[in-house]
Amino acid sequence: MAVKNYKRNTAGRRKMSIVKPERLTDKRPEKPLTEPLAKKAGRSKGKISIRHRGGGSRRKYRKIDFKMRKLDIPGRVEAIEKDPNRNALIALVVFADGEKRYIIATHGMKKGLEIIISEKALVKEGNRSMLKNIPIGTIVSSVEMVPGKGAQLARGAGASVVLQAIDNGTATLKLPSTEIRTVKETCFATIGRVSNFEYNMYRIGKAGRKRHMGRRPHVRGSAMNPVDHPHGGGEGRQGIGLKHPKTPWGKPTLGKKTRKKNKASNKFIIKRRRKKK
C-alpha cells in the first residue's frame, strides 16, 4: 500500500493524494460479472431522501458473491481489482469447474492464491469455513448472521471480527465497533481481515474530485439563516445555541439512538458498542 502525492503544480493538486493498493492486477473487469448501475441521486420516489448526492462518474456494478456456497470446490485467485462501488478490494476467483466469481478480497490475497470454501477448511488466508471449525481467537471477516444468508458482518475495507468463544451451538464475536454479539456456530466466515485497510489515507484536494464521487456541496447549518436551519442566524460566527444538534427539520441528530428498543435481535447482543464521546 502506497500513498502517492501529486506535484504541486496547481492549486487543486497542491494537497491532493491517492492510495495505490499493492497487488492490483492490470486488467479490465470481467464483463459477464458486471451490470449497469442506475443513478438514484439520493432520491426515493422522486423526492430527496439523502441530501448532497447527485452527478458523479459513470460506473458499472460488480456482482459480488456474498453467499459463497461453492462448497469443496477449490478455486484460484486470478486477479485483485478495485471496485468503484466499495472501499474494499475484490478478487476474481476461478473455480476448478471453470466458473468465475467476484468475492471480497482479504488483506493477504494475491494473484495465484489457492482457496477453498468448505465446512472444515484449513485455517488459511482467504479460505472460508464454519465458525465452529475455526480456532478461538482467529481473525475473520465476511461473517454470516444467519446460516445461508451470506456475508453481512465485516465487509468494509480493513474490517475484521475476532472469534472469542464457541458454546452451546453459538459463536461469540467481537465486532469492529467493539460490540460483542452471538451468531449460530454453523455460520460461515472468511479467514483474515478485509483488504485495503489504508483506503482513507488520501486527501481529496479539490471540490471537483468530490463531485466525481457523486457528492454535491454540503453547506453548514450554522452558515444559514434561521428560516433555513435551526442552527442558522446570529451575528458573526457562533455556536448552534442548542442543547443538541438538529436536522433542518428540527429532529435530533448526531448521537440520537435510532435502534428500536424491542428489536428481535437484541437478545443476541451481549455488550453494546462503545459510545462516542
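Brief remarks follow.
- Only helical runs count toward this figure. For the chain, summing -39,500 (n - 2.57) over DSSP H runs of n ≥ 4 and dividing by all residues gives -500 deg cm²/dmol at 222 nm.
- The gain in end-to-end length when the I270 to K124 segment is fully stretched comes to 49.7 nm, 0.36 nm per residue minus the alpha carbon separation.
- Ellipsoid equivalent to the chain - semi-axes via the Cα gyration tensor, in Å: 38, 27, 17
- Share, in percent, of DSSP beta bridges within the chain that are antiparallel, nearest 5: 95 percent
- Comparing segment 139-234 with the 2.2 N^0.38 Å rule of thumb, its C-alpha radius of gyration ratio is 1.65 (two decimals).
- Note on S44 and I240: with the Förster distance fixed at 30 Å, the Cβ-Cβ geometry gives a FRET efficiency of about 0.60.
- Calculated FRET efficiency, A165 to R8, Cβ-Cβ distance, R0 = 51 Å: about 0.45 to the nearest 0.05.
- Packing rank of 104-110, 47-53, where each peptide gets the mean count of other beta carbons within 10 Å, highest leading: 104-110, 47-53
- Neighbour-limited loop hits for GluC sites (Glu not before Pro), segment 92-150 (at most 16 other Cβ within 10 Å; DSSP other than H, G, I, E, B): E99, E119, E125
- A cut-off of 5 Å between modelled amide H atoms, ignoring neighbours fewer than 5 places along the same chain, links Q152 with V143, E144, M145.
- Label separation (K60 vs K257): 4.6 nm, computed from points 7 Å beyond Cα along the C-beta direction.
- The packing ranking, built from the mean of other Cβ atoms within 10 Å per residue, places the peptides 216-225, 84-93 in the order 84-93, 216-225, highest first.
- Protection proxy ranking, peptides 227-238, 176-187, average beta carbon neighbours within 10 Å, highest first: 176-187, 227-238
- Rg to Rh quotient for segment 1-90, alpha carbon positions, Kirkwood Rh: 1.06
- Segment I136..K110, full-extension length gain: 6.8 nm, with 0.36 nm per residue of separation and the alpha-carbon distance subtracted.
- Contour excess over end-to-end distance, with Cα ends at K206 and R76 and 0.36 nm allotted per residue: 42.8 nm
- Phi angles across segment 183-196 convert, under the Karplus curve 6.51 cos²θ - 1.76 cosθ + 1.60 with θ = phi - 60°, into 3J(HN,Hα) values of 9, 5, 5, 8, 6, 8, 8, 9, 6, x, 8, 5, 6, 6 Hz, Gly and Pro given as x.
Since every read-out is calculated from the coordinates, none of them should be taken as a lab result. What you see is a predicted model; the values in this text were computed from it and never measured. Positions of Cβ are generated from backbone atoms using ideal geometry, with glycine treated the same way; all protein chains shown enter the neighbour counts.
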